[in-house]
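Have a look at the structure below before the remarks.
The values are calculated or read from the model by the stated rules, or taken from the named source; none is laboratory data. It should be emphasised that the depicted structure is a prediction, and the values quoted were computed from it without experimental measurement. Backbone-built Cβ (ideal geometry, glycine too); neighbour counts: all protein chains shown. Areas reflect the complete protein model, heavy atoms only, side chains present, ligands, DNA and RNA absent. Shrake-Rupley method; radii C 1.70, N 1.55, O 1.52, S 1.80 Å.
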Amino acid sequence: MGWLSKIFKGSSHKFSEGHYDSSYAEDPNHYGPSTSGDVWSENDEDIDRAIAESLLEESQRGTRVIDHDSQLEDDEQLARALQESLNLENVESPPPRYGHGNGYQPMPMYYPLGSRICAGCYTEIGYGRYLNCLNAVWHPECFRCRSCNLPISDNEFSTSGNYPYHKACYKENYHPKCDVCKHFIPTNPAGLIEYRAHPFWIQKYCPFHEHDNTPRCCSCERMEPRDTRYVSLNDGRRLCLECLDTAVMDTYECQPLYLDIQEFYERLNMKVEQQVPLLLVERQALNEAREGEKNGHYHMPETRGLCLSEEQTISTVRRRNGAGKRNVNMVTEPFKLSRRCEVTAILILYGLPRLLTGSILAHEMMHAWLRLKGYRTLSQDVEEGICQVLAHMWLSSKLMSGSNVASSSSSTSTVLKRGTGSQYEKKLGEFFKHQIESDISHVYGDGFRAGQQAVHKYGLPSTLNHIQMTGCFPP
């Protein structure tokens, strides 16, 4: 990603490149702090005595007469020259420039005597050692890492904003880590940080995890982190613990949800009069049932629901052994379908979260409604599109109403209305809506968007009437 290269490129500064001006300005004869007046070392006093002796010697020889005013004027000029010489000795030479366009190269700074103020402690530096970097001067012990607050004495450092960091501290704070292996995401051959991210969950991971058989949750599609184990279902799918929390695991457990979907259709004046069996099945049973159907549209790469019209014998998940969600040893038994109407059964893949199971069920229920109402054979994009519209409507109703889908207890089949589930379940519902809205396939994606546009413009009843008469969506 190009924008990432701009974020992480050029954040290091090296001494040798002038990024960190570490050539300590040090006067070998002076270590004390400067004062507001002139400060003269012992060497300076020797010079004064030498000047005085020279003047006295010349006066005694009679070669030159020096009056008091002239002597003071010369002494003052000499003192100024010495002072300027001392100032220049304590100013660093500017670091060499190497022409790195994105490197940090501070401008040389010259300070009059007594005016060097440390940017860390805000006291005068004087003639002692100091650093010149980030357009400021520092006592060496005051130039500290923003993260660990320890002095920076390494040969290079990094910056964020106007704050310095040890390179290790900067990497720990700003270099992205893989959400799967928890390691720092490596750079590509061009030296830029490159990673993959899920479009909804923004889960960042190293590119090679797409090819190293890292498992994904069959519901939310997130990759399995190394420090968190997903649950393995009997048919080989993996389920994350958050999705497992609301997973519908057998046919009995799904019946209250089935009633909720039927009530949803009744509120739309689209009641399904016939009693259509609902069965939860494993992946293999769903694929076998799909092969036995003469007609049908299937969403690749995996079918998660079917509306059947043929007589078949289905292996359905009736119950699971043991208690608790993590016990996924399922018991299956055969169920023979008989054809009493145009729809023989609705099959749903077991082990999916409530909201995903409900949206699939709402989709397949629309297939059943269209067949039972005698709609003509429709094109794939029209039939699947309007079915996706109903699934999207059901999800929206659950997320907007603040009420959760129905659930069953172990002692009664009475439908219980609960409050809205966890924040993750709400997020999961938004993800399932996002999947429908962002589907790029012609049949399911374009079909949904065309159906959604028609329903928004004309309403659901008028859209269905137009489909029944013409076999297509209204313009």
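Would you pick out the residues in region 116-129 that are over 18 Å from C145 (Cβ atoms) and either under 39 Å from the mean Cα position of the chain (by Cα) or of a type outside the set (V, I, T) (or both)?
Just the residues of region 116-129 that are over 18 Å from C145 (Cβ atoms), to begin with: 116-117, 122-129.
Matches in region 116-129: R116, Y122, E124, G126, Y127, G128, R129.
From the set of residues in region 258-270 that are aliphatic (A, V, I, L, M) and assigned to a helix (DSSP H, G or I), which is farthest from the chain's Cα centre (by Cα)? Quick ask: steps written out before the conclusion?
Initially, region 258-270 is screened for residues aliphatic (A, V, I, L, M), giving 259, 261, 268, 270.
Narrowing the set further to residues that are assigned to a helix (DSSP H, G or I) leaves 259, 261.
On the way: L259: 38, I261: 35 Å.
Looking at the filtered set, the residue picked out is L259.
Take the residues in region 133-168 that are part of a loop (DSSP other than H, G, I, E, B) and under 16 Å from Y122 (Cα atoms); name whichever of them is most open to solvent (accessible area, probe 1.4 Å). Give the steps one after another, and end with the answer.
We begin by selecting, within region 133-168, every residue part of a loop (DSSP other than H, G, I, E, B); these are 134-135, 139, 143, 145-150, 152-155, 161-162, 166.
Retained after the next criterion (residues that are under 16 Å from Y122 (Cα atoms)): 134-135, 139, 143.
On the way: L134: 36, N135: 99, H139: 29, F143: 0 Å².
Of everything passing the filter in region 133-168, N135 is most open to solvent (accessible area, probe 1.4 Å).
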Inset, instruction - Scan region 222-269 for residues that are within 28 Å of S396 (Cβ to Cβ) and charged (D, E, K, R) and jot them down. - result: R222, R237, E242, D245, D250, E253, D260, E263, E266, R267
Inset, instruction - Determine the pairs where a residue that is within 23 Å of T463 (Cβ to Cβ), located within region 254-281, has a partner that is polar (S, T, N, Q) and open to solvent by 10 Å² or more (accessible area, probe 1.4 Å) with Cβ atoms under 9 Å apart, the partner being 6 or more residues away or on another chain. - result: F264/S397; R267/S397; K271/Q262; V272/Q262
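Consider region 222-257. How many of its residues are under 36 Å from the mean Cα position of the chain (by Cα) and assigned to a helix (DSSP H, G or I)? Talk me through it step by step, then tell me what you get.
At the first step, the residues of region 222-257 found to be under 36 Å from the mean Cα position of the chain (by Cα) are 222-250, 253-254, 257.
Pick out the ones that are also assigned to a helix (DSSP H, G or I) and you get 241-244, 253-254, 257.
Going through region 222-257 one residue at a time, the tally reaches 7.
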